[in-house]
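Take a look at the structure below.
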Amino acid sequence: MTISTLKQLQQQSLLHLASDDARLEIDILLARAIGKSTTFLRTWPDYVLTAEQLAQFQHEFAQRQQGVPLAYILGERAFWRLSLSVNAAVLIPRPDTECVVEKVLALGQGQQWRVADLGTGSGAIALSLAIEHPEWQIIATDINPQSLAVAQANALKNSIQQVEFKLGSWLEPLTGLFDCIVSNPPYIANDDPHLTDLQYEPLGALVAANNGLADLIEIVRLSSDFLHKKGWLVLEHGFQQGDEVQALFRQAGFVNVESGRDYGGNIRYSVGQKC
Ligand SMILES: C[S@@+](CC[C@H](N)C(=O)[O-])C[C@H]1O[C@@H](n2cnc3c(N)ncnc32)[C@H](O)[C@@H]1O
């Protein structure tokens, strides 16, 4: 018997997908193949897929089995209050980075800020700040023109107009002074075993020389010249890099240096203020 009802496909597929979220991911792919919401799956478990719908599900399920992240298969990922398009040119935005957004919003509460987001990727940080503060002036940079194209498309998709996008390395395309510079730069060492789990994401968004610290060092070194007095630098980093990043901030003359945690309770970012 050919397995082609929703319920049968759910049950069979579960046996063949090694993922913590297998059930949810299968439901999302099934719902997408039939062009319905996941609620439909529970209401009509005996729905029989057409040959075309079955082919689409099988194709995308096979990709998922090979390890392609669901966000790349769907072409989108929810982040903050946004739906962001993603492709293989950009890092899939992580929930941990929402904690960085929260910190910038807390620091800038009630302020009229000019902010730079360095290495914007999909635009996750810059666009989240923009949607919360349409009055802020926000500039987003990335060295990869393909990333910048994704970020610009995401601004359009989310009807955000105030973010200016600039191509170039870190602060190099910027002029003038900022109240806050924020970045989630590459910070993984090139021999980190976790990289095998991230093989579908762009290496240029993940890996930095000098045991993952090279880009963090560069950004801390350059940022002071682009900050107003009392301006803030906010950097995401690896959960074991907190002490080193705090030391970098202090060596560069920043004060009020502290680190914050992500949703998993791990140290995930550090901040410092130009004195
Ligand atoms: C970890 S990803 C972060 C993407 C996005 N900000 C986020 O939080 O999801 C790092 C980003 O930095 C960019 N990048 C790498 N080297 C860069 C450089 N020298 N100057 C500017 N951007 C760079 C990459 O292209 C990538 O988009």
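The values are calculated or read from the model by the stated rules, or taken from the named source; none is laboratory data. A quick note: this is a predicted structure, and the numbers were derived from the prediction, not measured. Backbone-built Cβ (ideal geometry, glycine too); neighbour counts: all protein chains shown.
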Practice prompt. For the stretch 31-38, state whether one or more residues are surrounded by 16 or more Cβ atoms within 10 Å (Cβ to Cβ), part of a helix (DSSP H, G or I) and β-branched (V, I, T).
Written response: yes
Discussion item. I'd like the full set of residues that are touching a strand residue (DSSP E or B) at 6+ places or on another chain (Cβ under 7 Å), exposed (fewer than 11 other Cβ atoms within 10 Å of the Cβ) and without any contact (Cβ under 8 Å) to a residue 24 or more places away in the chain, limited to the stretch 42-76.
Written reply: G75
Worksheet item: Could you say whether any residue in the stretch 109-119 is in contact with a Ser or Thr (Cβ under 6 Å, 6 or more places away or on another chain) and within 12 Å of the ligand (Cβ to nearest atom)?
Response: yes
Worksheet item: Quick one: would you say Q63 is more than 12 Å from the ligand (Cβ to nearest atom) and assigned by TED's automatic domain parsing to the domain that holds V220?
Response: no
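Could you identify the single residue in S122, S159 that is among the hydroxyl-bearing types (S, T, Y) and either within 13 Å of the ligand (Cβ to nearest atom) or modelled with pLDDT under 95 (or both)?
Numbers: S159 fails: either within 13 Å of the ligand (Cβ to nearest atom) or modelled with pLDDT under 95 (or both).
After ruling out the rest, the residue left standing is S122.
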Worksheet item: Scanning for something within 13 Å of the ligand (Cβ to nearest atom) and in a loop (DSSP other than H, G, I, E, B), does the stretch 220-228 turn up at least one residue?
Response: no
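So, in the stretch 170-193, of the ones that are assigned to a loop (DSSP other than H, G, I, E, B) and polar (S, T, N, Q), which residue ends up nearest to R81 (Cα to Cα)? Before you say what the answer is, go through the steps one by one.
Within the stretch 170-193, the subset assigned to a loop (DSSP other than H, G, I, E, B) is 170-177, 184-187, 189-192.
With the extra rule that they be polar (S, T, N, Q), the set shrinks to 175, 184, 190.
Numbers: T175: 29, N184: 19, N190: 33 Å.
Among those residues, the one meeting the criterion is N184.
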Discussion item. Within the stretch 203-219, take every residue that is assigned to a loop (DSSP other than H, G, I, E, B) and surrounded by fewer than 23 Cβ atoms within 10 Å (Cβ to Cβ) and give me the one that is nearest to the ligand (Cβ to nearest atom).
Written reply: A208
Worksheet entry | For A130: the one exception among (1) surrounded by fewer than 17 Cβ atoms within 10 Å (Cβ to Cβ); (2) on the phi < 0 side of the Ramachandran plot; (3) of a type outside the set (S, T, Y) | (1)
Worksheet entry | Unmet requirement for Y200, which otherwise passes all of (1) more than 13 Å from the ligand (Cβ to nearest atom); (2) buried (at least 16 other Cβ atoms within 10 Å of the Cβ); (3) not in a helix (DSSP H, G or I) | (2)
Worksheet item: What tally of residues in the stretch 123-169 results from selecting those that are over 19 Å from G108 (Cβ atoms), of a type in the set (A, V, I, L, M) and part of a loop (DSSP other than H, G, I, E, B)?
Response: 1
